[in-house]
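Have a look at the structure below before the remarks.
The values are calculated or read from the model by the stated rules, or taken from the named source; none is laboratory data. Remember, predicted model here, so these are calculated numbers, not experimental data. Quick reminder, even Gly has a Cβ in these numbers, built from the backbone with ideal geometry, and neighbours come from all protein chains shown. These area figures cover heavy atoms from the full protein model, side chains too; ligands, DNA and RNA do not enter into them. Shrake-Rupley method; radii C 1.70, N 1.55, O 1.52, S 1.80 Å.
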Amino acid sequence: MIPKRGRAWRLAHERRIKVRMEKHHLADIWLKALEEKDYDRALGIMCSTHLAACSCWVCGNTRKHWGVTFQELKANDSAREQLEYSENLSDDLIRELDEWFSREDDE
């Protein structure tokens, strides 16, 4: 049976995330709290934005500032190599089949 994920589950999850964040990222939260003048609000902002302190080029979205991510570049290179390999393979295969059929015609 699938557990019910209602308001209580979401609130418990939020509390768990906030406790974990307080343990590991206390300095970041305090810096944000100094700007916000409210610790609880700063903690909520840090939890809701997944630790993004701001939207600068270091903290913000990689695609927004730099374009394609490294993971996407690696995936594109891999796909390109596989396509080149399959095209070369198919050209070789066609050439071999042509030679094979031409040998049968000669006999």
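Descriptive notes on the structure:
- Candidates R41, R16, R95 - the one that is at pLDDT 80 or above and in a helix (DSSP H, G or I): R16
- Restricting attention to the stretch 1-19, the residues being among the β-branched types (V, I, T) and open to solvent by 80 Å² or more (accessible area, probe 1.4 Å) number 1.
- Scanning the stretch 9-28 for residues that are under 16 Å from Y39 (Cα atoms) and either free of Cβ contacts under 8 Å to residues at least 12 places away in the same chain or among the polar types (S, T, N, Q) (or both) yields a total of 7.
- When the stretch 63-72 is limited to residues that are of a type outside the set (K, R) and open to solvent by 80 Å² or more (accessible area, probe 1.4 Å), the one that is modelled with the lowest pLDDT turns out to be W66.
- Matching residues in the stretch 20-41 - criterion: being farther than 19 Å from C59 by Cβ, of a type outside the set (K, R) and open to solvent by 80 Å² or more (accessible area, probe 1.4 Å): D40
- Of everything listed in (1) among the small types (G, A, S); (2) at pLDDT below 80; (3) in a helix (DSSP H, G or I), the single unmet condition for G60 is (3).
- Residue check for A33: at pLDDT 80 or above and of a type in the set (A, V, I, L, M, F, W, C): no
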